[in-house]
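J.: I am attaching a structure below and will ask some questions about it afterwards.
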2 protein chains.
Amino acid sequence: MTTPLETALAYHRAWASGDLDRAMAYIADDIVCDAPAGRIEGAAAFRGFMAPFVGMLRGTSLLAAFGDETTALIMYDTETALVPSAPGAEHVTVAGGRITHSRFLFDRLPFERARH
Amino acid sequence: MTTPLETALAYHRAWASGDLDRAMAYIADDIVCDAPAGRIEGAAAFRGFMAPFVGMLRGTSLLAAFGDETTALIMYDTETALVPSAPGAEHVTVAGGRITHSRFLFDRLPFERARH
């Protein structure tokens, strides 16, 4: 049985390598993700949210990762085509090896500025 | 000897209650804080960064908190006069009961929008 932290890190490694298909294997069909712009419900919507980000990803480094019996909390930095340093943090709840809830935090401001 | 997590939580409780003086007791004089807008160096500059936020704080709730021998990672939600839900995450390094480094993450966009 993998731990929530192992699941969170496997998910992170998958999208960090640009493999969104593999990342989605760790996402529950009925995931609820509370992201900066609001709530995202369901794996299809979550994939739609992640795809543009993964598409512009140039690199990522894990800053910290912890977990307990049901949750994990990770923080990382990312480099994207739009923003050179865009750190993120995710607090995930895991059941049956899949992420059922994610509180997803990053600073939208540099992305907003880069687009306008 | 308090753990880094205990220090991070004591610091969090202090500013959450609006007591910035007490919060600063957990901040090293030479703190380095990597915040969304850039690096903040020294306790005086850090206090200047925190004061406007603490001044408009209406409430906060801890979402997750973990630590090890030298660091802690916490995530919380806050309600401020400007933004009803503004979550934050902090990865802190602690030495001698004081925070020497903080990687501080929150979404600046709703604050930017509320001000303009």
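J.: Return the carbon/sulfur percentage of the accessible area of the stretch A:21-98, one whole number, probe 1.4 Å, all protein chains in place.
T.: 51 percent
J.: How large is ³J(HN,Hα) for each residue in the stretch A:79-87, as worked out from phi by the Karplus curve 6.51 cos²θ - 1.76 cosθ + 1.60 (θ = phi - 60°), to whole Hz, x for Gly and Pro?
T.: 10, 10, 4, 8, 9, x, 9, 10, x
J.: Okay, next question. Based on the Cβ-Cβ distance of B:ALA45 and A:THR2, what FRET efficiency does E = 1/(1 + (r/R0)^6) give at R0 = 45 Å, to the nearest 0.05?
T.: Efficiency, from the Cβ-Cβ distance: 0.60.
J.: Also: Suppose the Debye formula is applied to equal point scatterers at every Cα of the stretch B:1-107; what is log10 I(q)/I(0) at q = 0.17, 0.18 Å⁻¹?
T.: Calculated log10 I(q)/I(0) at the listed q: -0.72, -0.82.
J.: A further question on this structure: Under a plain spin-label model, where a point goes 7 Å from the Cα along Cα-to-Cβ, how far apart in nm are B:ARG58 and B:ALA37?
T.: Each label point is offset 7 Å from its Cα along the Cβ direction, giving 2.2 nm.
J.: Given a 1.4 Å probe, show me the residues in the stretch B:36-80 buried by at least 20 Å² of accessible surface when comparing the whole protein assembly to the chain alone.
T.: Residues losing area: B:LEU63, B:ALA64, B:PHE66, B:LEU73, B:MET75.
J.: By per-residue mean of other Cβ atoms within 10 Å, what is the highest-first order of B:32-40, A:38-46?
T.: The peptides rank, most packed first, as B:32-40, A:38-46.
J.: While we're on this one: Taking the Cα centre of the protein assembly as shown as origin, work out the dipole magnitude from +1 charges on Lys and Arg Cβ and -1 charges on Asp and Glu Cβ, in debye rounded to 20.
T.: The dipole magnitude comes to about 640 debye.
J.: Run the quick spin-label model on A:THR70 and B:SER17: label points 7 Å from Cα toward the beta carbon, then report their separation in nm to one decimal.
T.: Simple spin-label model gives 2.8 nm for this pair.
J.: Just the number, please: buried accessible area between A and B, total of both chains, 1.4 angstrom probe, nearest 100 square angstrom.
T.: 2200 Å²
J.: I've got another one for you. So how tilted is helix B:43-55 from the main axis of chain B? Cα-based, degrees 0 to 90, rounded to 10.
T.: 40 degrees
J.: Now a separate question. If every alpha-carbon in the protein assembly as shown counts as one equal scatterer, what log10 I(q)/I(0) does Debye give at q = 0.11, 0.15, 0.17 1/Å?
T.: Here the Debye-derived log intensity ratios amount to -0.55, -1.04, -1.32.
J.: Relative contact order, percent, of chain A when contacts are C-alpha pairs under 8 Å separated by at least 6 residues?
T.: 27 percent
J.: Further question: Placing the label point 7 Å from Cα along the Cα-to-Cβ direction, what are the distances from A:MET56 to the equivalent spots in the other copies, shortest first, in nm to one decimal?
T.: Taking the point 7 Å beyond Cα along Cα→Cβ, the inter-copy spacings are 2.6 nm.
J.: Compute the distance from the alpha-carbon center of the stretch A:29-47 to that of the stretch A:67-88, in whole Å.
T.: Here the two parts' Cα centres lie 17 Å apart.
J.: Can you give me the relative contact order of the stretch B:66-116 as a percent, contacts being Cα pairs under 8 Å and 6 or more apart?
T.: Once normalised by length, the contact order is 29 percent.
J.: Got a sec to turn the phi values of the stretch A:90-104 into Karplus ³J(HN,Hα) couplings, 6.51 cos²θ - 1.76 cosθ + 1.60 with θ = phi - 60°, whole Hz, x for Gly and Pro?
T.: Each residue of the stretch A:90-104 in turn: 9, 10, 10, 9, 10, 9, x, x, 10, 7, 9, 9, 9, 9, 10 Hz.
J.: For B:ILE31, list long-range residues whose amide hydrogen, built 1.01 Å from N in the peptide plane, is under 5 Å from its own amide hydrogen.
T.: Here the answer is B:GLY42, B:ALA43, since their amide H atoms fall under 5 Å of that of B:ILE31.
J.: One decimal, nm, shortest first: give the distances between the label point of B:GLU41 and those of the same position in the other copies, each label point 7 Å from Cα along Cα→Cβ.
T.: Output for B:GLU41: 4.9 nm, nearest copy listed first.
J.: Another question, then. Which angle from 0 to 90°, rounded to the nearest 10, does the C-alpha axis of helix B:4-16 make with the longest principal axis of chain B?
T.: Around 30 degrees separate the two axes.
J.: Please give the calculated 222 nm ellipticity per residue for chain A, where each DSSP H segment of at least 4 residues contributes -39500 (n - 2.57) and the sum is spread over every residue; nearest 500 deg cm²/dmol?
T.: Taking each H run of at least 4 residues, the total per residue is -9500 deg cm²/dmol.
J.: A further question follows. Roughly what would the spin-label model give for B:ASP30 and B:VAL83, points 7 Å off Cα along C-beta, in nm?
T.: 3.2 nm
J.: A follow-up question, please. Leaving out ligands and nucleic acids, note down the accessible area per residue over the stretch B:1-94 with a 1.4 angstrom probe, in whole Å².
T.: Computed with neighbouring chains in place, this is 44 Å² per residue.
J.: If Lys and Arg each add +1 and Asp and Glu each add -1, what is the summed charge of the other residues whose beta carbon sits under 12 Å from the beta carbon of A:VAL54?
T.: That sum, taken over residues with Cβ under 12 Å, equals +1.
The values are calculated or read from the model by the stated rules, or taken from the named source; none is laboratory data. Quantities reported herein were computed from a predicted structural model and do not represent experimental measurements. Note that each Cβ is placed from the backbone with ideal geometry, even for glycine, and that neighbours are counted across all protein chains shown. When the accessible area is computed, the model is the full protein with side chains, heavy atoms only, and any ligands, DNA or RNA have been set aside. Shrake-Rupley method; radii C 1.70, N 1.55, O 1.52, S 1.80 Å.
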